[in-house]
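FYI, it's all coordinate maths here, none of it is from the lab. The structure presented is a predicted model; accordingly, all values stated were derived computationally and were not measured. No Cβ is skipped: glycine too gets one built from the backbone with ideal geometry, and neighbour counts run over all protein chains shown.
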Amino acid sequence: MTPMYVLVLLAGVVDPKHPLPSQIDAESLLKARASRPLLSPFDEAALEIALKLRDADPKTEISAMVIAASESDPLLRTVAGFRLASTAGVAATCLPAWDAAAAARAIARALRTHAPEPQLILIGREFGDGDDGSLPAALAAALAMPYASLSLSIDVESSHARLLRQSGNGLERCCLPLPLVASITNDPQNRLRHPLLKNVMAAKKMQFSFINILPETPTLRIASSIAAATPERTSRCELLGGGPAAQAAALAKLLQKAASAT
């Protein structure tokens with residue numbers, strides 16, 4: 001039986017326990033991401049679903065491409081600790097900031113260097129700190145591949161993938177042909193497992209390939225930013241004083257007054 005090739009795309013985010021840089025621009029965010037990187041919840045969910053596919057069929061081969069600051073980016077070793085077939089870095093400077101379509105085309109060019117060609121590409125529903133959720137769909141368009149959004153679980157049968165995904169009306173089951181791009185949303189059922197210690201130790205000795213391609217000139221730039229203003233309260237507000245009993249009595253009077261007014 002031909003092995004299944006799964007590629008996971010991971011971007012990482014700045015550790016949210018630390019404050020963002022005072023200057024919010026592409027260069028400052030990139031430096032913060034390089035110094036304090038973490039996999040986002042969506043990155044973790046995509047990786048966990050890939051690992052579940054390998055659990056179901058040990059012949060499944062998982063590769064990862066990680067948006068990385070350099071060959072020594074700690075996220076590369078974090079990902080490699082899950083005993084993947086290969087882990088490669090893609091230079092973060094290749095991705096134009098704030099322009100999902102251009103970034104998707106850049107990632108597509110990097111993917112064309114991957115061998116063998118993946119049958120299933122998994123990516124978090126939001127790709128890093130600079131994505132609003134539009135990049136996964138733009139990537140599928142750049143690759144001219146079918147796309148399934150907001151996936152919660154995936155099973156592969158022969159040349160098709162069966163997915164459980166979120167839709168506007170609740171949960172939806174669908175069956176789509178491979179190859180396929182699927183964006184993954186987080187769920188308690190796809191929380192990332194802990195890697196085995198022996199694999200973590202082996203990852204510390206690994207060398208990683210690093211893909212550096214010429215970035216596109218972005219068509220969208222942030223010219224400036226200002227602090228958000230506190231919204232002005234336009235409705236009347238009354239603070240209820242006293243203990244819980246007094247507050248409950250005062251609230252009851254207000255509700256009775258409002259009911260009689262209507």
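See the values below:
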{"quantity": "Scan of the range 90-100 for residues that are over 16 Å from the mean Cα position of the chain (by Cα) and either assigned to a helix (DSSP H, G or I) or over 30 Å from Ser225 (Cα atoms) (or both), ordered by number", "calculated": "Thr93, Cys94"}
{"quantity": "Residue within the range 111-129 that is surrounded by fewer than 21 Cβ atoms within 10 Å (Cβ to Cβ), in contact with a Lys or Arg (Cβ under 9 Å, 6 or more places away or on another chain) and either in contact (Cβ under 8 Å) with a residue 60 or more places away in the chain or on the phi > 0 side of the Ramachandran plot (or both) present", "calculated": "yes"}
{"quantity": "Strands (runs of 3 or more DSSP E) completely within the range 168-261 that count 1 or more residues being closer than 22 Å to Gly130 by Cα and in contact (Cβ under 8 Å) with a residue 60 or more places away in the chain", "calculated": "180-184, 209-211"}
{"quantity": "Subset of the range 152-179 [over 17 Å from Leu53 (Cβ atoms) and among the small types (Gly, Ala, Ser)]", "calculated": "Ser167, Gly168, Gly170"}
{"quantity": "Check on Ala106, of a type in the set (Gly, Ala, Ser), closer than 20 Å to Asp43 by Cα and not in a helix (DSSP H, G or I)", "calculated": "no"}
{"quantity": "From the options Asn190, Asn186, Asn199, Asn212, residue that is of a type outside the set (A, V, I, L, M), touching a Pro at 6+ places or on another chain (Cβ under 9 Å), within 26 Å of Gln119 (Cα to Cα) and surrounded by 10 or more Cβ atoms within 10 Å (Cβ to Cβ)", "calculated": "Asn186"}
